[in-house]
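What follows draws every value from the coordinates through simple rules; no lab data is involved. All values derive from a computational prediction rather than experimental measurement. With ideal geometry, Cβ positions are generated from the backbone for all residues, glycine too; neighbour counts draw on all protein chains shown.
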C-alpha cells in the first residue's frame, strides 16, 4: 500500500515551453502533497506544500508564478513549470501524506530543458 | 526550529565491514525521525523510522538506528556492508511544529562500498 506515482518519469523540453508533472496517490487519499526539487548530489529542497482544495504554500525563494501547483483532488497534484529555462533542469519529487505524519514519495521526474 | 545535521558527506567502507552513518538533530518537541535511502536514478525508499516507541529501531536490509535523546542523535548502522548498500542516505526529522508535518532533510551521506 501507500504507492505514489509520478508522470512522466523524465521529460525533455525546449526553453520557453511549459511542462506539467503529475503526482498521484494510487491507494490512499492524500490530505497534503509536497513538491521537492533535488539538484545533482544534493539533498531535497522543499518547494511547496499543497492541501487539497487550497492554494499551495510556497517556500521562500520559490516563484509561485513559475511553478504552478494544483491539488484538485485527494489523489492528484500537478506541478507546471512555466516558461522553462535550462536552470530549471532538475529532479522533481512529490510526496503525499494521508491523514498521518508519514509522507510517501513518488519516484521522481527528471526535467531537462534545452 | 528543527534541524538535522549529517556529520559526514561521504563514508567509505569495505564490503563485509560495519557501517555507521551519523545524524544529529535539533528539536523543541519529541521528534519523529527517519532514514531514507536513494539509489542512483531511483526514488526514495524509507529505511526505518522512530516515532517515540522503542529507541532501537530496526529497518529493512539489515539497517538499524538508535534514538539517543541525551545526545540528540539518530545514527544509522549495519553490521556488515554489502555492495548493494552503495547509495545516498538522508536523515530526516518530521516538523511536528507544523501541522503539515513538513520534513526537514539532512544534506545526505554518500555511502561508498569498496570490494
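Between A:50, A:73, A:95, find the one with the highest GNM mean-square fluctuation for chain A; connect C-alpha pairs within less than 10 Å.
A:73
With a Förster radius of 35 Å, plug the Cβ-Cβ distance of residue B:14 and residue B:55 into 1/(1 + (r/R0)^6) and report the FRET value to the nearest 0.05.
About 0.75, to the nearest 0.05.
Taking a quarter of the surface of the convex hull around the Cα atoms of the protein assembly as shown, what do you get in nm²?
So the mean shadow area of the Cα hull is 12.5 nm².
How would you rank A:93, B:104, B:112, going from fewest to most other Cβ atoms within 10 Å of each one's own Cβ?
In increasing order of surrounding Cβ atoms, one gets B:112, B:104, A:93.
Taking the convex hull of the Cα atoms, report for segment B:21-115 its projected area averaged over all directions, in nm².
Directional mean of the projected Cα hull area for segment B:21-115 stands at 6.5 nm².
I want to check the label-to-label distance for residue B:39 and residue A:2. Put each point 7 Å from Cα in the C-beta direction and report it in nm to one decimal.
So the two model labels end up 2.0 nm from each other.
Using alpha-carbon pairs under 8 Å, 6+ residues apart, how would you state the relative contact order of segment A:22-77 in percent?
The normalised contact order for segment A:22-77 reaches 38 percent.
Given an 8 Å cut-off on Cα distances and at least 6 residues of separation, report the relative contact order of chain A as a percent.
Rounded, it is 37 percent for chain A.
How do B:55, A:75 line up, fewest other C-beta atoms within 10 Å first?
The most exposed by this proxy come first: B:55, A:75.
If the elastic network links every pair of Cα atoms under 10 Å, which of B:59, B:16, B:43 fluctuates the most in the Gaussian network model of chain B?
In this elastic network of chain B, the residue with the biggest mean-square fluctuation among B:59, B:16, B:43 is B:43.
Quick one: B:83, A:45, A:33, fewest Cβ neighbours within 10 Å first, how do they rank?
Neighbour counts put them in this order, fewest first: B:83, A:45, A:33.
Peptide A:102-109: average number of partner chain Cβ atoms within 10 Å per residue?
Counting other chains' Cβ atoms within 10 Å and averaging over A:102-109 gives 5.
How are the alpha carbon pair distances in chain A distributed across 5 Å bins from zero to the largest one, expressed in percent?
That works out to 2, 13, 24, 26, 20, 10, 4, 1, in percent per bin.
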